[in-house]
1. Calculate the length of the line joining the C-alpha centroid of the stretch 107-151 to that of the stretch 1-69, in whole Å.
2. Tell me what the chain gives for mean residue ellipticity at 222 nm when only DSSP H runs of n ≥ 4 count, each as -39,500 (n - 2.57), the sum divided by the residue total, rounded to 500 deg cm²/dmol.
3. Would you list which lysines come within 29 Å of LYS56, measuring only between C-alpha atoms, while excluding same-chain residues fewer than 8 positions from it?
4. Could you rank the peptides 124-137, 14-27 by their average count of other C-beta atoms within 10 Å per residue, with the highest value first?
5. Can you pull the one-decimal nm distance between simple spin-label points at LYS132 and LYS56, each 7 Å off the Cα toward Cβ?
6. Could you state the angle between the C-alpha long axis of helix 121-131 and the longest principal axis of the C-alpha atoms of the chain, as a value from 0 to 90 degrees rounded to the nearest 10?
Amino acid sequence: MVTDIETNLIEGLRERSPKAQQTMVERYGRHVFSQVVRLLPSVEDAEEVYQDVFLKVFLHINQYDEEKSAFKTWVSRIAYNEAITWLRHKRQEVIYFEDQDGEAERLSEAEVEATLGHPDPETVQLIRAALKHLPPDERAIINMFYYEEMSLKEIAFITESIPTTIASKLSRTRKKLCRIIKKLQS
């Protein structure tokens, strides 16, 4: 559902109004930056992608369809795609945790919930460290679900997937994250 404020903003963006563009950055800048900085290796890289996101929003505002998603979700989709595209082009050699022995998959939801459910400050630090060992797409899903508090439907729209696939991937990624935390603790 698009609010009256967003409707006015979108109309201003479609008219290429500098004031609307400034309002857009002020209103959504923090959200966009927090989304991309969690996916990219450095703040400098996030700043570069951040600018690209707003350029893309300004250039493609006529493609926004309020029937398909909320405006913030559409902007998040652009941010996600720009960050993933940046990572693909940089092709940095990074080794991510792979659960080759299937040990993470064997973790019960109760074990995962005990670790991730209501974490203490030490566990929060371990979660942050463990997130760096996940591939960008998995890290993005965790960030959108927990930090941005997006629904499975919103995440599915952003990642161009379906909610049941996101739910399944979220469950596997939570188990993987839990396994990484256990490795970091040992």
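1. 26 Å
2. Details: 9 runs with 126 residues, N = 186.
Helix contribution divided over all residues of the chain: -22000 deg cm²/dmol.
3. LYS19, LYS68, LYS72, LYS90, LYS132, LYS153, LYS169
4. Values: 124-137: 16.1, 14-27: 13.6.
My ranking of the peptides, most packed first, is 124-137, 14-27.
5. 2.6 nm
6. 80 degrees
Readers should treat all values here as calculations from the given coordinates under stated rules, not as data from a laboratory. On a predicted model such as this, the values are computed, not experimentally measured, just so you know. Positions of Cβ are backbone-derived with ideal geometry, glycine not excepted, and every protein chain shown enters the neighbour counts.
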